[in-house]
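Q: Here you go, one structure.
The values are calculated or read from the model by the stated rules, or taken from the named source; none is laboratory data. Quantities reported herein were computed from a predicted structural model and do not represent experimental measurements. Glycine gets a Cβ as well: all are built from the backbone with ideal geometry, and neighbour counts include every protein chain shown. Protein only, heavy atoms only, side chains kept; ligands, DNA and RNA dropped before computing areas. Shrake-Rupley method; radii C 1.70, N 1.55, O 1.52, S 1.80 Å.
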Amino acid sequence: MYDYKFETDITIDPSVLTKEREFQQEKAEASLTVQGTLNFRVFEREEDKRGLVYLGFQLSPVQVTAYEKSLSQSKRIPELEELYQTFFVATYEKEGVPVTFYFPKQLDEQDKLSLSEIVKILQVTVSSEGKEQIRQGEWIKWREEEIHATGEFEAEYSVHKDDCHLIKKRNVRCLSIRPIEDQRDHSQEILLTGHIIRSAFKGRTSPDMSWLKAFSGSETLEVRVRRKDVFSRSQAQVSLERRHFEPDPDLDIWTESRSLKEILKSFGKNREKTDTLGSWESIRIQRLREQMEMLSLPQIITSIKDAAASGMSQSGMAILAHRLRDFLEISPEEARLIPDIFKYPDLAEDAIGCILIALELNGHPESQSALRNVFEDGDQAADTRGRAIVAAGGIQKPEKELIESLFNLTEIKREATDGEELERADTALLSLGILAGALLEGENAFESQNIVERIANYLQKSENERERVMCLKALGNSSNPETIPIIESYLTSKSSIEQVASASALRNFSDEHTLHLLSDALEQSSVSDVRKAAIKSLTTRGGSEVIEYMRKGLPSEPENSLRRMMIRFLGKNRTPEVIKALEDQLERETSREVIKDIYRALYEERKEYEE
């Protein structure tokens, strides 16, 4: 048992996300304190080489206090106190690396993330056998990559040669930052980077203890937009101290008498999705209700319409899309009114796009129904119907009705169909492929496979080349590995257009087999468009093996335009071998345009940023 305390102060400056004065918001400052008794229990140890240990945790009793500077008051958060008292199990490698977390079924992903961070922030990883170590004076140091609630980090550990039980730790680099929610909107790509300003932790172990004896430290992290503007600055402190063992006999962690297998089975799969509204989500929804209390759908639509008419920037329109999305979050029934709004004669294209993005981001069944009503309605403008199909493809949790409506659009006689209906059928196939990928990623493999099998059936039975091409692209959009053999078979099709589609469809896979398929297409195909598609797919994947394929294939590529594509990619990945290959190519090159690209690749400065 331990005395546990975690404190974080955070300042958020949303104004850095947009330059529109209308949406400039003041900085928000808040703090959160979680303090209580961390109960700890070893449930099982595996005796194999990996030596996994199953540990139980329960933070109870606990007090969660939040302070918002704008309100100049602090208050208890009962929803979070209930959340943080949840009993859960984690597996650790013997070196101290957390591997898997098991939670009760009723928790959503955000709540699971918060619970796991209670102990992840205390992570101390000892150097394993074969791990590279650096000796600096009387200190031994090593590095580990770790995953936390805010992102991925590279941590440096150090121990003194005379005291191996005191382990110092500091995060030296943020490898990636967890994206903010609004990044789901692809119309506003936001580059977020994490920058560690200060980091210092220390943990103490003891030969007579299974876990830590004590842990403490603090860290300051900045999240920046476009690597310069500070979006948020957080200062976190944590402390863990061993206390006298006086367990509460009523806590789940101590009353649990079942076998570990039975406990984990009762929890269900650790990544199982749930429709239950989590603690953090409940707080978010309540805040939205307060913010949207005085707003109505006509007001929001009018603001979108006026903004589009005045030529507002893309970032400003994106903010309005998020506002409408949030409104639909608390008033989903209002989505039924939106299809008729698209028929307004003076509604600009940007306004239509903004509203469609809001429906896509919201994703509720009511929003999906609104999108269906738009693309099924023959009285809607053709372009609006097409854009609604595209928006439907961005839904993260598609309902069966939406999927069937999209399939209905593909059921046409292609030879006797006008151009607009063909476009909708093609777009529907591509959107279905994307939805299959979203379902697979959301661990709904059955529904994903159902979509993929139906598209594959269309592909195999189709007598129309254009339809086969769209089916190949749709299968590629699904990113489902089971589609690879189907896509691969069209690399040798009699139709060069189908070969191109097959090579393009393989861009979404990252396995060795598809890498070799694309490299073979680049090396062996006599069709320049197939080689071009292979280059695009390979450069989309990236990686050291792709760099090597490009380097070796450059001298033998006969097309100037394709050599230029390869050179531009190599210029972004300059290794000593690449530089030598580019210099050699410069000596043999005859095209003036290609020579210019080689000089740019060799000598122009790349944009590099300090971490």
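Q: Shape call for segment 417-520 from the C-alpha gyration tensor, a ≥ b ≥ c root eigenvalues: rounded (a/c under 1.5), prolate (a/b greater than b/c) or oblate?
A: oblate
Q: Suppose each label sits 7 Å from its Cα in the direction of the beta carbon; what would the Arg287-Glu26 distance come out to in nanometres?
A: 1.6
Q: Quick one: grab the alpha carbon gyration tensor of segment 24-157, order the square roots of its eigenvalues as a ≥ b ≥ c, and give me rounded if a/c is under 1.5, else prolate or oblate depending on whether a/b is larger than b/c.
A: oblate
Q: Can you give the angle from 0 to 90° between the axis of helix 400-410 and the longest principal axis of the chain, with both taken from C-alpha atoms, to the nearest 10?
A: 20
Q: Within 10 Å, count the other beta carbons around each residue, average over each peptide in 109-121, 240-252, and list them highest first.
A: In decreasing order of mean packing, 109-121, 240-252 become 109-121, 240-252.
Q: Against the longest principal axis of the chain, how steep is helix 349-362, in degrees 0 to 90 to the nearest 10, with axes from Cα atoms?
A: The angle comes out at about 40 degrees.
Q: In a Debye calculation with equal point scatterers on the alpha-carbon sites of segment 312-391 and no solvent, what is log10 I(q)/I(0) at q = 0.11, 0.12, 0.21, 0.23 Å⁻¹?
A: Debye intensities relative to I(0), on a log10 scale: -0.24, -0.29, -0.91, -1.08.
Q: Kindly rank 452-461, 494-503 from highest to lowest mean number of other beta carbons found within 10 Å of each residue.
A: Per-residue Cβ counts within 10 Å, averaged per peptide and sorted highest first, yield 494-503, 452-461.
Q: Another question about this same structure. With contacts defined as alpha carbon pairs under 8 Å and 6 or more residues apart, what's the relative contact order of the chain in percent?
A: 8
Q: Assign one of three labels to segment 337-484, namely rounded, prolate or oblate, based on the Cα gyration tensor with a ≥ b ≥ c the square roots of its eigenvalues; rounded applies when a/c is under 1.5, prolate when it is not and a/b is larger than b/c, and oblate otherwise.
A: Here segment 337-484 falls in the oblate category.
Q: Another question, then. With a cap of 10 neighbouring Cβ atoms within 10 Å, and only residues DSSP puts in a loop, list the GluC sites (Glu not before Pro) found in segment 410-449.
A: Within segment 410-449, the qualifying GluC sites (Glu not before Pro) (loop, at most 10 other Cβ atoms within 10 Å) are Glu411.
Q: May I ask for log10 I(q)/I(0) of segment 347-427 at q = 0.20, 0.21, 0.23, 0.24 Å⁻¹, from a Debye sum over the Cα atoms as equal point scatterers with solvent left out?
A: Scattering profile of segment 347-427, log10 relative to I(0): -0.85, -0.93, -1.08, -1.16.
Q: Determine the principal axes of the Cα atoms in segment 98-151, then give the extent along each, sorted from largest to smallest and rounded to whole angstroms.
A: That gives 50, 20, 15 Å along the principal axes, largest extent first.
Q: Turning to a different aspect of this structure: If I model segment 222-333 as equal point scatterers sitting on the Cα atoms and use the Debye formula, what is log10 I(q)/I(0) at q = 0.10, 0.16, 0.17, 0.21 Å⁻¹?
A: Each listed q corresponds, in turn, to -0.67, -1.05, -1.09, -1.21.
Q: On to the next question. When you count, for each residue, the other Cβ atoms within 10 Å and take the mean per peptide, how do 151-163, 476-488 rank with the highest first?
A: 476-488, 151-163
Q: Can you tell me the FRET efficiency between Ser591 and Lys552 if r is taken as the Cβ-Cβ distance and R0 is 30 Å, rounded to the nearest 0.05?
A: The formula returns an efficiency of 0.90 here.
Q: Among all the lysines, which ones have a C-alpha under 20 Å from Lys27's C-alpha, if same-chain residues fewer than 8 places away are not counted?
A: Lys19, Lys69, Lys228
Q: List the residues, sorted by chain then number, that are 5 or more residues from Phe43 or on another chain and whose placed amide H is less than 5 Å from its amide H.
A: Amide H neighbours of Phe43: Tyr54, Leu55, Gly56.
Q: Among the GluC sites (Glu not before Pro) within segment 291-375, which fall in a DSSP loop and have no more than 11 other Cβ atoms within 10 Å of their own Cβ?
A: Sparse-neighbourhood loop GluC sites (Glu not before Pro): Glu293.
Q: Using Cα atoms only, what is the angle between the long axis of helix 512-524 and the major principal axis of the chain, expressed in degrees (0 to 90) to the nearest 10?
A: It works out to around 30 degrees.
Q: How large is ³J(HN,Hα), in whole Hz, for each residue of segment 548-555 in order, when computed from phi with the Karplus curve 6.51 cos²θ - 1.76 cosθ + 1.60 and θ = phi - 60°, using x for Gly and Pro?
A: Karplus values, whole Hz, x for Gly and Pro: 5, 4, 5, 4, 6, x, 4, x.
Q: Throw me the Rg/Rh for the chain, computed over C-alpha atoms with Kirkwood Rh, two decimals.
A: Ratio of gyration radius to Kirkwood radius: 0.99.
Q: Roughly speaking, what is the stretch gain from Ser462 to Ala149, that is 0.36 nm per residue apart minus the C-alpha to C-alpha distance, in nm to one decimal?
A: Computed gain between Ser462 and Ala149 is 108.0 nm.
Q: Also, quick follow-up: Of all the C-alpha pairs in segment 59-98, what % are more than 17 Å from each other?
A: Percentage above 17 Å: 53.
Q: Take the alpha-carbon positions of segment 84-128, form their convex hull, and give its projected area averaged over all directions (one quarter of the hull surface) in nm².
A: 3.2
Q: So which trypsin sites (Lys or Arg not before Pro) in segment 400-449 pass both tests, a DSSP loop state and at most 11 other Cβ atoms within 10 Å of the Cβ?
A: Lys413
Q: Quick one: pull the percent of accessible area on the chain belonging to carbon and sulfur, 1.4 Å probe, ligands and nucleic acids left out.
A: Carbon and sulfur together cover 46 percent of it.
Q: Structure shown: which of Lys141/Lys161; Lys75/Lys120; Lys94/Lys131 lie over 19 Å apart, alpha-carbon to alpha-carbon?
A: In this structure, Lys75/Lys120 lie more than 19 Å apart at Cα.
Q: Tell me, what is the per residue accessible area of the chain in Å², probe radius 1.4 Å?
A: Result: 52 Å² of accessible area for each residue.
Q: Ok, one more. Just how much of Leu430 is accessible, in Å², when a 1.4 Å probe is used and the result is rounded to the nearest 10?
A: 50
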